[in-house]
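Worksheet: the structure to be examined is printed underneath.
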Amino acid sequence: EPEAVTDYFAQDFDVSKLGDSMEEEYIKYGYELIAETYKHIGPENGDPSKVYSGNNLACKNCHLDAGTKKHAAPYIGVTGRYPNFRGRENKIGSIEERINGCMERSMNGKSLPSNSKEMRAMVAYMNWLSKGVPSGEKIEGKGFASLQIPERAVDLANGEKVYTEKCVSCHQA
């Protein structure tokens, strides 16, 4: 994999500095959807017709810093890598299909319509984060950080304790 020539993560990603053009409004709304998914399209948003997320998580729970943190599933450059082959589905997929994969699995919800304001806003935000990244470039910092698996026996009792204390509130028993 070639090394990145630029630190795309060093850009200023402050959406509050954007103007009020239609495109910029979509970018800001996309940010809001990523940062507070539960508030806008989650089960407690107050409008049953706008419930797509089946839990009260936000996209930024996995895509840290709203998709701008290295090695934490960043969105920077992601739209330029689509369409691409997705092994899970065994087909070429679009960025919209990838977003909906997260909505259905990680968010325990249902697909957003591809032409919905919400989908267009999320893609607009991801495109904005990807400004200056050449299409198809695999940048340093994409994906997740590699983990070193410890060479020791698992401790199931401790794992259950940690899961009960830290994980069950989102993932349930």
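The values are calculated or read from the model by the stated rules, or taken from the named source; none is laboratory data. Keep in mind it's a predicted model, so treat the numbers as computed, not measured. Heads up, the Cβs are rebuilt from the backbone with ideal geometry, glycines too, and the neighbour counts pull from every protein chain shown. When the accessible area is computed, the model is the full protein with side chains, heavy atoms only, and any ligands, DNA or RNA have been set aside. Shrake-Rupley method; radii C 1.70, N 1.55, O 1.52, S 1.80 Å.
Y31 meets the conditions (1) open to solvent by 30 Å² or more (accessible area, probe 1.4 Å); (2) over 22 Å from E140 (Cα atoms); (3) without any contact (Cβ under 8 Å) to a residue 40 or more places away in the chain in every case but one. The failed one is (3). Go through the residues of the range 50-62 one by one and say whether even a single one is in a helix (DSSP H, G or I), open to solvent by less than 50 Å² (accessible area, probe 1.4 Å) and not aliphatic (A, V, I, L, M). Yes - at least one qualifying residue is present in the range 50-62.
Restricting the range 68-97 to residues that are open to solvent by 40 Å² or more (accessible area, probe 1.4 Å) and hydrophobic (A, V, I, L, M, F, W, C), the residue that is farthest from S146 (Cα to Cα) is I92.
All of S49, S116 fail the test of being at pLDDT below 95 and of a type in the set (G, A, S), apart from S49.
Taking each residue of the range 89-113 that is free of Cβ contacts under 8 Å to residues at least 24 places away in the same chain and looking for partners that are among the charged types (D, E, K, R) and surrounded by 16 or more Cβ atoms within 10 Å (Cβ to Cβ) with beta-carbon atoms closer than 8 Å, six or more apart or interchain, yields E89/E97.
D65 fulfils the conditions (1) open to solvent by less than 20 Å² (accessible area, probe 1.4 Å); (2) not in a loop (DSSP other than H, G, I, E, B) except for a single criterion, (1). Checking S116, S135 one by one, the residue that is free of Cβ contacts under 8 Å to residues at least 60 places away in the same chain, under 29 Å from R81 (Cα atoms) and within 18 Å of the chain's Cα centre (by Cα) is S116 and no other. Within the range 10-38, the residues that satisfy the criterion of being under 29 Å from Q172 (Cβ atoms) and out of contact with any Asp or Glu (no Cβ under 8 Å at 6 or more places or on another chain) are G30, Y31, E32, I34, A35, E36, T37. With respect to the conditions (1) farther than 17 Å from L57 by Cβ; (2) at pLDDT 95 or above; (3) crowded, with 16+ Cβ neighbours inside 10 Å, N100 falls short on a single one, namely (1). Given the structure, is G87 of a type in the set (G, A, S) and either modelled with pLDDT of 95 or more or touching a helix residue (DSSP H, G or I) at 6+ places or on another chain (Cβ under 9 Å) (or both)? Criteria not met by G87. For the range 68-90, a residue qualifies if it is of a type outside the set (A, V, I, L, M, F, W, C), closer than 14 Å to C102 by Cβ, in a loop (DSSP other than H, G, I, E, B) and out of contact with any Phe, Trp or Tyr (no Cβ under 8 Å at 6 or more places or on another chain), and the qualifying residues are Y82, R88, E89.
Scanning the range 118-147 for residues that are open to solvent by 10 Å² or more (accessible area, probe 1.4 Å), farther than 13 Å from E32 by Cα and of a type in the set (V, I, T) yields a total of 1.
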